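To start, the structure itself, in C-alpha cells.
The values are calculated or read from the model by the stated rules, or taken from the named source; none is laboratory data. Note that the structure is predicted; figures quoted are calculated from it, not measured. Ideal geometry is used to build each Cβ from the backbone, glycine not excepted, and the neighbour counts take in all protein chains shown. Only protein heavy atoms, including side chains, enter the accessible area calculation; ligands, DNA and RNA are left aside. Shrake-Rupley method; radii C 1.70, N 1.55, O 1.52, S 1.80 Å.
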Amino acid sequence: MNIKSVLSNRINHAMILAGISANCDPQIHRSSKMKFGNYQVNGIISVAKKNGQIPSELAKLVVNYLDLDDIANKIEIANPGFINIFLKRTWLEQQINKLLQLPCLGIDRVSPQNIVIDYSSPNMAKEMHVGHIRSTIIGDAVACTLSFLGHNVIRVNHIGDWGTQFGMLIAYLDKKKNKYQENMILSNLENFYREAKNIYDKDLNFAKCAQEYVIKLQNGDEYCRDLWQKIVNISIAQNQKIYERLNVSLMPNHVMGESSYNEMLPEIVADLRKKGLAVISEGATVVFLDEFKNKQGNPMGVIIQKKDGGYLYSTTDIACAKYRYEKFHAERIIYYIDSRQHQHLQQVWSIVRKAGYVPESVSLEHHAFGMILGKDGTPFKTRSGNIIKLSDLLDESVERALKLISKKNPKMSQEKLKILSEIVGIGAIKYAELSKNRISNYIFNWDQMLRFDGNTAPYIQYAYTRILSVFRKANININHLIDDITLTEEYEVRLAIHLLQFEESLIQVAYDGTPHIMCSYLYELASLFSNFYEHCPIILNKNNQTCKSRLQLAALTAKTLKQGLNILGIQTVQYM
Ligand code: ARG
C-alpha cells in the first residue's frame, strides 16, 4: 500500500489534462504540518515558472481536473501554488482493512532488479575497528530493505586481501622461521603486521624481500599462496563472528576480495592500452582523465600498473565493476565506502564507462558516509588515543545495557539479563549508526544511544514490548484478531495514516540508501502509538467493537515495528 503512488497517478493524470508535459514530477510529499493536510503537491510551482504561467492559476486548473472524490475530503490551494490534500477517514479505513488481509504488511512487490551491494570490505590481517561499523551496518540495512522489496540483491564483501601487507607478513613469518604458523589468531597477525611494518620501514633488505613476495604471491607462487590463504582464512573466520554478533546478513560466501580479480588484470591493462585509454608514462601504465585535473591544472593520471609490474587498488576496482556487470548482470551497483574514496571511485567509473565495460544504463552509486567522532570532535579513539576495536566497542555497549536493564529489573535472572542486554546493547549501537544521515560525521555518544526515550533502539523496542503486554494482560493472542478497524478518534486516524506509510519509507530507503528514513519512521510510529495509547483506552470491554478495533490497530503497530526493526537488523524482545 502506497498512498503517495496512488496520489501520484491521479495527479499526473490531472496534470496531463491541464496541458502539462507527462514527465513533470508532481513532487508529492507528506505535509509537514497538519494544517497543510496529509499530503502536499509541490511540483506545480516549478512547472508554472518554467512555462511562464501563474502558479496558483495552474494549480487551480490541475485541481479542476483532479478526481480524488473517493480519497480526499478536502483539496486546498495554498500560495503560491501548492495543493494540499486532506484524506478521507472512510478511505483510510478501507485501505487499512485491506492491508490487514494482505501478507507482508501489504507491501507491493517491485519489478526486481539485480543489485550488487559492496559493503563492509575490511582489510585482512587486521581486526575490524570502529571505522568499519558504518559500511557494515548501513550497507546491510539497505541490502535487507532491497531484498524485502523483492530485488535480487548480490552482497559482496570486497575484502582487502591483496597487496603489500601480505608481502610484509610473509617476509616476517619467514624471518621468524614460520614458528607462528600454527594456532595463529587475528590479534597475533595484527601484531606481526605492526612489527613487520617497523622492520620494513628501517631495513632495506627486508623491504625488498617483502616486495618480492608480493610479486610472487600475485604470480601464483605456491608457498606464498598457501601462507596467504591461511592468513585470509583466519581473518574471515574472526570477522564472521562479528557479523553474527551484529546480526548482519553477510556470510563467508559473500566474500569476493581484491585477489579474485587478479587474473583479469593483465587483460584489462592490455585492453585499455589497445583502446588508447592507457599510455606508458615513466615506466608505469597510466590512464589520463581530462575531467580530473591535478594541482597544475593538467589531466590527472590514474596508474593502473606500476613500473615493477604490480597492479593497484584502482585496477582491481575497474575489473570488479566489469565483472559485476558481466557476471552478475548488475543493473545497479552500490558502494558503501567512506567519503574519502569518492574521487577514487569517480575515476574508476569514468574509466569503465569509457572502456565500455559498464554501460550508462547501469547505475553506479557511491553511498558515502562521514566519520564517527569523539566528544571532542576528532576521530573517535580510545582514551589512550588508539583505534577502537569493533569487538571491544560491542562488549562495552552490552555491558552498559546490562547495567541499565538490571537496574530496571532487579529480579530478573542472570540468564535472561544476559540475553536481553546483548540484544539491547547491539541494537542500540546499530540504531545510533543507522538513525543518523550517513552523509555527515556524527559524535559517538553512549548515553544518548542507550536512552529509553527519544530516537533510540531501546525506545522503539520498549514500545513494542508495551503493545505485547496489552495483549498479555487481556489474555488475547495478537495473531488471532479478525475484526476490522474503525477510525473514530483523531489519534486513531493519525496512527492509521502512519501505518499506511510504511511502504513509502521503505521505497525511499531503497532509492537513496538512507536507513535513517526508516529509523525516523519507526520512531514516529512508536510516538504516535504512545499518544493513541494514552488517549484511547484499548481494553474497556473485550467484546466491545471499539476495543476490538483498537486491538487490531495495536497489533498492526507491533507487527510494523517488528518488521521495520528486523529490516534494520535489530531484534525485538518480549519484555524489557
Ligand atoms: N578495503 C577497502 C578499505 O578498507 C574498502 C573496499 C571498498 N570496496 C571497493 N570496491 N573498493 O578502504
By how many degrees, 0 to 90 and rounded to 10, does the Cα axis of helix 390-408 deviate from the longest principal axis of the chain? 30 degrees
For region 441-537, what does the relative contact order come out to in percent, with C-alpha contacts under 8 Å and a separation of six or more? 29 percent
Report for the chain the percent antiparallel among DSSP-assigned beta bridges with both residues inside it, nearest 5. 60 percent
Just to make sure I understand: if all protein chains stay in place, what is the order of Asp453, Asp69 by accessible area at 1.4 Å, largest first? Asp69, Asp453
Tell me, what HN-Hα J-couplings in whole Hz come from the Karplus equation 6.51 cos²θ - 1.76 cosθ + 1.60 at θ = phi - 60° for each residue of region 297-309, using x for Gly and Pro? x, 9, x, 7, x, 10, 6, 10, 8, 7, 3, 7, x
For Asp447, the accessible surface traced by a 1.4 Å probe with all protein chains present amounts, in square angstrom to the nearest 10, to 100 Å²
Quick calc, Asp203 & Ser5: beta-carbon distance into FRET formula, R0 45 Å, rounding 0.05, result 0.10
Out of the GluC sites (Glu not before Pro) in region 241-303, which ones are loop residues according to DSSP with at most 15 other C-beta atoms within 10 Å? Glu282
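Stokes-Einstein at 37 °C, 0.692 mPa s, Kirkwood radius from Cα pairs: D for the chain in µm² s⁻¹?
Estimated diffusion coefficient is 121 µm²/s.
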Angle between the Cα long axis of helix 265-274 and the longest principal axis of the chain, 0 to 90 degrees, nearest 10? 90 degrees
Once the Cβ-Cβ distance between Lys293 and Arg383 is put in as r, and R0 is 51 Å, what FRET efficiency do you end up with, to the nearest 0.05? 0.75
From the protein chains alone at 1.4 Å, what is the descending order of accessible area for Met251, Met412, largest first? Met251, Met412
Counting only the heavy atoms of the protein chains, how much of His29 is accessible to a 1.4 Å probe, in Å² to the nearest 10? 90 Å²
Stretch gain in nm, segment Ser32-Thr465, where the contour uses 0.36 nm per residue and the Cα spacing is subtracted: 152.9 nm
In Å², nearest 10: area of Arg472 left accessible to a 1.4 Å probe: 120 Å²
Förster radius 35 Å - calculated FRET efficiency between Asn64 and Leu102 (Cβ-Cβ, nearest 0.05): 0.50
Treat every Asp and Glu Cβ in the chain as -1 and every Lys and Arg Cβ as +1, leave all other atoms uncharged, and give the resulting dipole magnitude about the Cα centre to the nearest 20 debye. 1020 debye
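Length gain on complete extension for the stretch Arg353 to Leu312, per 0.36 nm per residue less the alpha carbon to alpha carbon distance?
12.9 nm
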Along the principal axes of its C-alpha atoms, what lengths does region 1-158 span, in descending order and rounded to whole Å? 66, 43, 29
Looking at Thr514, Ile419, Ala319, which one has the Cα that reaches farthest to the positive end of the dipole of the chain (charges on Cβ: Lys, Arg +1; Asp, Glu -1)? Ile419
Count, lysine Cα pairs under 28 Å in region 212-300, 8 or more residues apart or across chains: 6
Net length gained if the chain between Arg194 and Gln343 were fully extended (0.36 nm per residue, minus Cα distance): 50.8 nm
Based on the alpha-carbon gyration tensor of region 385-538 and its eigenvalue square roots a ≥ b ≥ c, which shape applies: rounded if a/c is under 1.5, prolate if not and a/b is larger than b/c, or oblate? oblate
Working from Cα positions, state the angle (0 to 90°, nearest 10) between the long axis of helix 342-354 and the longest principal axis of the chain. 80 degrees
